[in-house]
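What follows is a short report on a single structure.
The values are calculated or read from the model by the stated rules, or taken from the named source; none is laboratory data. Here the structure is a predicted model, which means the values were calculated and not measured. Methodologically, a virtual Cβ is constructed for each residue, glycine included, from the backbone with ideal geometry; neighbour enumeration extends over all protein chains shown.
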Amino acid sequence: MLWNCLKEAGAKRLIPLNVSGPFHTALLESASQKLAAELEKVSFNDFTLPLVGNTEAQIMKSEDVKALLARQVMEPVRFMIRLPLSKNLV
């Protein structure tokens, strides 16, 4: 059914992916919001080493960790972009 709707909307090519869920997409916005609410109940210690996040591929500030973790659920992961930065910190 979805396949037909997409074709009717003008999709030229559809490739089904064998994945277990729509991770790192806007389809998980409600999960992101639930995680954000749960993270508000958690306290994090100060970092002893720089922490590079997958959401923005930058060194994370401690005050941004909760928001960045919640965003990571529904946003693309920038793992390959962050690797060189992480390597330079070692």
remark   = Note on segment 43-57: residues over 15 Å from the mean Cα position of the chain (by Cα) and charged (D, E, K, R) are 46
inquiry  = Return the residues of segment 70-90 that are part of a helix (DSSP H, G or I) and touching a residue at least 24 places away in the same chain (Cβ under 8 Å); say none if nothing qualifies.
reply    = 70, 71, 72, 79, 81, 82, 85, 86, 89
task = Provide a single number: the residues in segment 8-35 that are more than 22 Å from the chain's Cα centre (by Cα) and small (Gly, Ala, Ser).
result = 3
query = If we keep just the residues of segment 1-24 that are part of a helix (DSSP H, G or I) and at pLDDT below 80, which is surrounded by the most Cβ atoms within 10 Å (Cβ to Cβ)?
reply = 3
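Conditions tested, residue by residue: (1) in contact (Cβ under 8 Å) with a residue 12 or more places away in the chain; (2) of a type in the set (Asp, Glu); (3) more than 30 Å from residue 87 (Cα to Cα).
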{"position": "8", "(1), (2), (3)": "no, yes, yes"}
{"position": "13", "(1), (2), (3)": "no, no, yes"}
{"position": "17", "(1), (2), (3)": "no, no, yes"}
{"position": "35", "(1), (2), (3)": "yes, no, no"}
{"position": "41", "(1), (2), (3)": "no, no, yes"}
{"position": "52", "(1), (2), (3)": "yes, no, no"}
{"position": "68", "(1), (2), (3)": "yes, no, no"}
task = Check segment 58-68 and report whether any residue there is farther than 27 Å from residue 89 by Cα, under 13 Å from the mean Cα position of the chain (by Cα), in a helix (DSSP H, G or I) and aliphatic (A, V, I, L, M).
result = no
